[in-house]
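Where a number appears in this text, it was derived from the coordinates with a stated rule and is not lab data. Model, not experiment: these values are computed from the prediction. Because the Cβ atoms are built from the backbone with ideal geometry, glycine has one as well, and the counts that use them run over all protein chains shown.
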Amino acid sequence: MAADRSDTSDRNVLGKAARLPTDPGSATLDRVPNPHPDTLYAARFTAPEFTALCPVTGQPDFAHLVIDYVPNAYLVESKSLKFYLTAFRNHGAFHEDCTVAVGKRLVETLEPHYLRIGGYWYPRGGMPIDVFWQNGVCPKDVWLPDQRVAPYRGRG
């Protein structure tokens, strides 16, 4: 049964003019009914230009985020997810905090069967930091491909 796409009264971003949130805490993540709640499948969001600020120096940090989840009753609405991720642009937090916070917020909002997030952070100070977090165990019959983000390589 497909969701009624004409009613956006329960959503804060989809189908409406919206301002970018100024910080992740004030950002709204909207969810929509999963049209196939009886089917186990994986959905992937990739954010190759995720940005946050170093909480010590205020300098920008950049990451390639890959979010995989197995939906239950809800899907994340993609426009609200984009706005939420963009809200980190002026937010000071360490790589580990940003990556895990995104994962936890999605789990809290969606209550999925499974979620994993890979945060592939670009080097600062000569050292990349990759952060991985998951919630639950991926159901055995779900095809979940490798995240396919190449590890950082120096000049070698």
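So what is the relative contact order of the chain, in percent, for Cα pairs below 8 Å that sit 6 or more residues apart?
Working: 294 pairs, mean separation 37.0, N = 156.
Here the relative contact order equals 24 percent.
If we sort 142-149, 69-76 on the protection proxy, mean other Cβ atoms within 10 Å, highest first, what's the order?
Descending packing order for the listed peptides: 69-76, 142-149.
Taking 0.36 nm per residue of sequence separation and subtracting the Cα-Cα distance, how much length would be gained by fully extending the chain between residue 36 and residue 104, in nm to one decimal? Don't jump to the answer; show the numbers that get you there.
Numbers: separation 68, 0.36 × 68 = 24.48 nm, distance 2.32 nm.
Taking 0.36 nm per residue and subtracting the Cα distance, the gain is 22.2 nm.
State the answer as a single residue: which of 66, 56, 35 lies farthest towards the positive end of the charge dipole of segment 13-75, with beta carbon charges of +1 for Lys and Arg and -1 for Asp and Glu, about the Cα centre.
It is 35, whose Cα lies furthest towards the positive end.
Give, in nm to one decimal, the length gained when the segment between residue 72 and residue 51 is fully stretched (0.36 nm per residue of separation minus the Cα-Cα distance).
Details: separation 21, 0.36 × 21 = 7.56 nm, distance 2.88 nm.
Extra length from residue 72 to residue 51 when fully extended: 4.7 nm.
Nearest 10 degrees, 0 to 90: what angle lies between the long axis of helix 95-110 and the longest principal axis of the chain (Cα atoms)?
The answer is roughly 0 degrees.
What lysines does residue 16 reach when the alpha-carbon gap must be under 24 Å and sequence neighbours fewer than 8 apart in one chain are set aside?
79, 82
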